[in-house]
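*Asks:* Just passing along the structure, written as structure tokens.
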Amino acid sequence: MKLTELDSELEKNQLSGFWKTRVPSHSSEAPYLWKWEPLLDGLLKASETIGIEQAERRAIRLVSPHLPIKSTSHTLQFTFSIVNPGEVARAHRHNMAAIRFVVQGKGAYTAVDGEKFPMEEGDLILTPNWTWHDHHNESEDPIIWLDGLDGPLIQSLNVLFFEDYEKDEQPITRQTGESLNRLGFARSPKENKDHLRGVPFRYAWKETYKALKTMSDGDRDPYEGALLRYVNPVTAGFTYPTMSCEIQLFKAKEKTKSHRHTSTALYHVFKGRGRTAVGEGHLEWKQGDSFVIPLWQWHSHENLADDESILFSINDRPVMEGLQLYREEAEN
Ligand SMILES: [Fe+2]
Ligand SMILES: [Fe+2]
């Protein structure tokens with residue numbers, strides 16, 4: 001029998017000979033950068049065009065031109081939301097884990113599982129897998145924040161669950177600041193259980209910035225500058241099982257060494273301007289821009305500002321580590 005005959009016979013029965021398969025390569029994704037100006041323009045226009053009844057859908061997604069799906073990367077996604085004064089984004093929950101990082105504005109809050117979390121510029125608010133959340137803007141001005149989601153990963157696993165709350169808003173059942181008091185540095189030993197999905201939490205920018213500034217030269221990483229992880233306050237592990245949130249500061253004119261790893265990272269420029277070399281090319285960034293560094297591509301950062309530059313980022317390293325797939329290589 002000829003091999004081609006065997007192949008077509010197998011095919012008729014939904015079978016395929018392994019001799020036809022090549023070893024697949026790891027990634028076809030490419031780096032990409034989204035500039036702030038067209039995104040901000042789109043958000044401001046959306047805030048006029050899309051009414052309050054759709055406020056929770058008024059978000060703009062960053063879409064990589066190098067992917068078969070409409071997403072920022074194959075595992076993680078950035079969207080940006082704008083909420084007008086007096087608006088409420090209706091309560092719901094899903095098993096995608098999400099974060100909000102406040103880019104512009106103040107005087108708003110996100111309610112998560114019965115607690116209000118105030119939103120000021122630079123704050124990070126966690127809405128873990130299956131927690132009720134709704135957003136409120138009680139200030140005079142629109143507020144813009146970045147949503148980071150593990151949605152593409154959850155969807156690729158075909159396991160997405162979503163539920164609307166029976167009313168627009170969930171009841172507030174906890175004091176503001178309660179999560180910090182319960183889960184901060186002094187806490188009941190009973191709190192050590194049931195927090196593996198992550199906890200509703202607010203990392204205030206004031207504290208984050210102080211922590212960054214407290215880092216000494218000895219704490220600096222040759223590949224990352226001064227880098228902090230937003231850890232799960234109970235487990236001290238990654239922010240979520242699916243996503244790590246990080247913030248890093250580069251000193252004026254700082255330049256890092258190059259490395260590569262099997263985690264994918266999405267960055268948002270919170271302050272400053274610089275250049276990130278990725279693979280063969282480089283991305284020039286400034287405040288408000290966002291970019292993706294796909295997995296296993298060599299990259300290094302350079303701060304081009306005369307002052308500090310600050311990058312906020314999310315990555316899927318917890319997934320890679322959990323599945324024993326994390327690997328890293330560094331320039332000597
Ligand atoms: Fe949501
Ligand atoms: Fe890296």
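Read-outs throughout are calculated quantities, based only on the coordinates presented, and are distinct from any laboratory measurement. This structure is a prediction, so every number in the text was calculated from the model and none was measured. Cβ placement follows ideal geometry from the backbone for every residue including glycine, while neighbour counts extend to all protein chains displayed.
*Asks:* Two-decimal Rg/Rh of segment 34-88 from alpha-carbon positions, Kirkwood Rh?
*Replies:* A ratio of 1.02.
*Asks:* Over the C-alpha atoms of segment 141-259, what are the Rg and the largest Cα-to-Cα span, Dmax, in Å?
*Replies:* 17.9, 52
*Asks:* If a/c stays under 1.5 just call it rounded; otherwise compare a/b with b/c (prolate if a/b is bigger, oblate if not). Do that for segment 1-119, with a ≥ b ≥ c from the square roots of the Cα gyration tensor eigenvalues.
*Replies:* Working: a/c = 3.33, a/b = 2.60, b/c = 1.28.
It comes out prolate by the Cα gyration axes.
*Asks:* Which residue fluctuates most in the GNM of the chain (Cα springs below 10 Å): Arg229, Arg174, Arg22?
*Replies:* Result: Arg22 has the largest fluctuation of those listed.
*Asks:* How far is the Cα center of segment 264-332 from the Cα center of segment 1-65, in Å?
*Replies:* Segment 264-332 and segment 1-65 have Cα centres separated by 21 Å.
*Asks:* Arranged by the count of other C-beta atoms within 10 angstrom, fewest first, what order do Asp7, Asp194 take?
*Replies:* Asp194, Asp7
*Asks:* Relative contact order for the chain: what percent, with Cα pairs under 8 Å and sequence separation of 6 or more? If you can, show how the numbers build up before the last one.
*Replies:* On the way: 759 pairs, mean separation 54.2, N = 332.
The value is 16 percent.
*Asks:* Straight-line reach from Lys20: which lysines have a Cα under 18 Å away, not including same-chain ones fewer than 8 places off?
*Replies:* Answer for Lys20, where 18 Å is the Cα cut-off: Lys2, Lys12, listed by chain and number.
*Asks:* Whole-Hz ³J(HN,Hα) for each residue in segment 123-138, computed from phi via Karplus 6.51 cos²θ - 1.76 cosθ + 1.60 with θ = phi - 60°, x for glycine and proline: what do you get?
*Replies:* 6, 10, 10, 9, 10, x, 2, 6, 9, 5, 8, 9, 10, 9, 10, 9
*Asks:* Sum up the lysine pairs in segment 130-280 that clear both bars: alpha-carbon distance under 19 Å and a spacing of 8 or more or different chains.
*Replies:* So the count of such lysine pairs works out to 11.
*Asks:* Follow-up. Compute the Kirkwood hydrodynamic radius of the chain, taking the inverse of the mean of 1/r over all pairs of distinct Cα atoms, and give it in Å to one decimal.
*Replies:* Every distinct Cα pair counted, the radius reaches 21.3 Å.
*Asks:* With +1 on each Lys and Arg Cβ and -1 on each Asp and Glu Cβ, and nothing else charged, work out how big the dipole of segment 147-245 is about its Cα centre, in Debye to the nearest 20.
*Replies:* Dipole about the Cα centre, nearest 20: 520 debye.
*Asks:* Please list 3J(HN,Hα) in residue order for segment 214-223, calculated via the Karplus relation 6.51 cos²θ - 1.76 cosθ + 1.60 where θ = phi - 60°; whole Hz, with x for glycine and proline.
*Replies:* Per-residue couplings from phi come out as 7, 5, 8, 4, x, 7, 6, 9, x, 9 Hz.
*Asks:* Tell me, what HN-Hα J-couplings in whole Hz come from the Karplus equation 6.51 cos²θ - 1.76 cosθ + 1.60 at θ = phi - 60° for each residue of segment 227-243, using x for Gly and Pro?
*Replies:* After applying 6.51 cos²θ - 1.76 cosθ + 1.60, I find 10, 10, 9, 7, 8, 4, x, 8, 8, 6, x, 4, 3, 9, x, 9, 8 Hz.
*Asks:* Which of the aspartates and glutamates could a cross-linker span from Lys45 if the Cα-Cα distance has to be under 19 Å and same-chain partners fewer than 8 positions apart are dropped?
*Replies:* Glu37, Glu53, Glu56, Glu87, Glu140, Asp141, Asp147, Asp289
*Asks:* As I understand it, the dipole of the chain uses +1 on the Cβ of Lys and Arg and -1 on the Cβ of Asp and Glu, about the Cα centre. Which of Met96, Thr208, Leu62 lies farthest toward its positive end?
*Replies:* Most positive-ward Cα: Thr208.
*Asks:* For a quick check: sort Thr131, Thr176 by the number of other beta carbons within 10 angstrom, fewest at the front.
*Replies:* Ordered by Cβ neighbours within 10 Å, fewest first: Thr176, Thr131.
*Asks:* So which GluC sites (Glu not before Pro) in segment 225-332 are both in a DSSP loop and have at most 10 other Cβ atoms within 10 Å of their Cβ?
*Replies:* In loop regions of segment 225-332 (DSSP not H, G, I, E or B), the sparsely surrounded GluC sites (Glu not before Pro) are Glu280.
*Asks:* Given H placed 1.01 Å from N in the peptide plane, which residues other than close sequence neighbours of Leu283 have an amide H under 5 Å from its amide H?
*Replies:* For Leu283, the qualifying residues are Thr276, Ala277, Val278.
*Asks:* Give me Ile293, Ile125 sorted ascending by neighbouring Cβ count inside 10 Å, so fewest comes first.
*Replies:* Starting with the residue having the fewest Cβ neighbours, the order is Ile125, Ile293.
*Asks:* Let me ask something else about it. Where nothing but the Cβ of Lys and Arg (+1) and of Asp and Glu (-1) is charged, how large is the charge dipole of segment 28-330 around its Cα centre, in debye to the nearest 20?
*Replies:* On the way: 35 positive and 44 negative charges, 122 e Å.
The calculation lands at about 580 debye.
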